[in-house]
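A short worksheet on the structure shown next.
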């Protein structure tokens, strides 16, 4: 019989071991599903409570660098308490961590009064009578500690200590995984923050699309370009031709241009330096680059599209082309004349020709066309500096009325028109006299050029407390509404002016000079054949002393 009893005890012990190991394996599966340490604690408690007294359960992780025990959660008689932290000390928990050895306490009041509740209980302090304390190990490193406690003495035995140690091993794997996941999450968050900062600081518009061609991310520049501030409904939807009506009206043109780029990405092809020209509102040129995003297996996962507004760059390139074209076209005549007159002059001097009148005429022609060539080169240079934003003005007190009279007098001697000045008062302001002279000369020259001989051109000057206004009116070709809208574009010439020699730069440059002074220029006309009026304003100082500078002639 004793042998039979012994066999039964051994069999029962083996069954308990298998049961406990099965518990540890089952717990390992539950722990693998935990997404954070709090969920892991609850899984530990539920499973431990099935096989032993878990009236009190304590779970903490250990920070080796600071030697601090950081309590995840504790439960005491069914009430869960939040975690806290304490430095590594001399208590039983600290001892288990320091020695890396599990500890079994069978009868607390006999073995020594040691508290394990860390102040979570309320009311009278009641200490547990028995406890299990197990360090959670990963190799030689202590990751944390797990402790089950009971208010009854002799609640645990060596088998319970073995079971809790096995459960602790499963917890170690879960803690390692959660730490790795947390580290990855922190790294991802850091990279995401860096990406957001980069995207926010980019002046280029950037879109990220998925394998369906749907926009999944875009920066502020792209949102503004695509007018999506109040129309985010297109996000997450594939960029396809049949969906264009869902886009804001102002963005449909660029969206339609985007479709073939997205189709190329979905087909696995990148796009390099493709230009898109937009004309619906104002002319804009965009340079587009698109790169395919692939998975590690090579499958297309979407793509990145970057837009760069190259309108200004293209305009400067066009300006250079226009300047070279105009220089070549307009400089040929004076160069030819200068060369021809110089050859004539040289031949006459070589032959001993003493005809002073003929020699003077050749020399005068050389001087005249040299001046014309110099003026043209200066104009081309001024326009290039205007386009590049480098045009400078030098303000100085200028009497605008006196300047108008001076310009008119210099032109009147060769004009075949009547030129009248209407200005009752002296108007003085701080302007660049040379630049304003250029503006006046251009407007007067145009008025004479596009008006019939014998007609009248009138220049009037008026001023109020805000600024001075100059008007040059003629009785010439006149303009329609469409021509007035485009009149100040570089290189533009009205239809009625095509037969008159010119490059279409004068008004463009004059308008730029006025704008550089803080003023504006515009034109008015009743229509073709009814003459035109060109106005420009210049600001005046607003000080109370300023009216004294606008004196009426006696």
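The values are calculated or read from the model by the stated rules, or taken from the named source; none is laboratory data. As the structure is a computational prediction, the values presented were derived from the model and not from experiment. Please note: Cβ atoms are built from the backbone with ideal geometry, for glycine as well, and neighbour counts cover all protein chains shown.
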Open item on the list: For region 516-529, give me each residue that is at pLDDT 90 or above and farther than 13 Å from residue 436 by Cβ.
Closed with: 520, 522, 523, 524, 525
Task: Unmet requirement for residue 103, which otherwise passes all of (1) at pLDDT 75 or above; (2) not assigned by TED's automatic domain parsing to the domain that holds residue 159 - done: (2)
Task: residue 265 being at pLDDT 65 or above, assigned by TED's automatic domain parsing to the domain that holds residue 304, touching a strand residue (DSSP E or B) at 6+ places or on another chain (Cβ under 7 Å) and surrounded by 13 or more Cβ atoms within 10 Å (Cβ to Cβ) - done: yes
Open item on the list: Take residue 489 and tell me if it is closer than 26 Å to residue 385 by Cα, exposed (fewer than 15 other Cβ atoms within 10 Å of the Cβ) and at pLDDT below 95.
Closed with: yes
Open item on the list: Here is a check on your reading of the model: is residue 10 within 53 Å of the chain's Cα centre (by Cα) and either modelled with pLDDT of 90 or more or outside the structural domain of residue 175 (by TED's automatic domain parsing) (or both)?
Closed with: no
- [ ] Out of the residues in region 49-99 that are in contact with a helix residue (DSSP H, G or I) (Cβ under 6 Å, 6 or more places away or on another chain) and assigned to a loop (DSSP other than H, G, I, E, B), state the one that is farthest from residue 163 (Cα to Cα).
- [x] 88
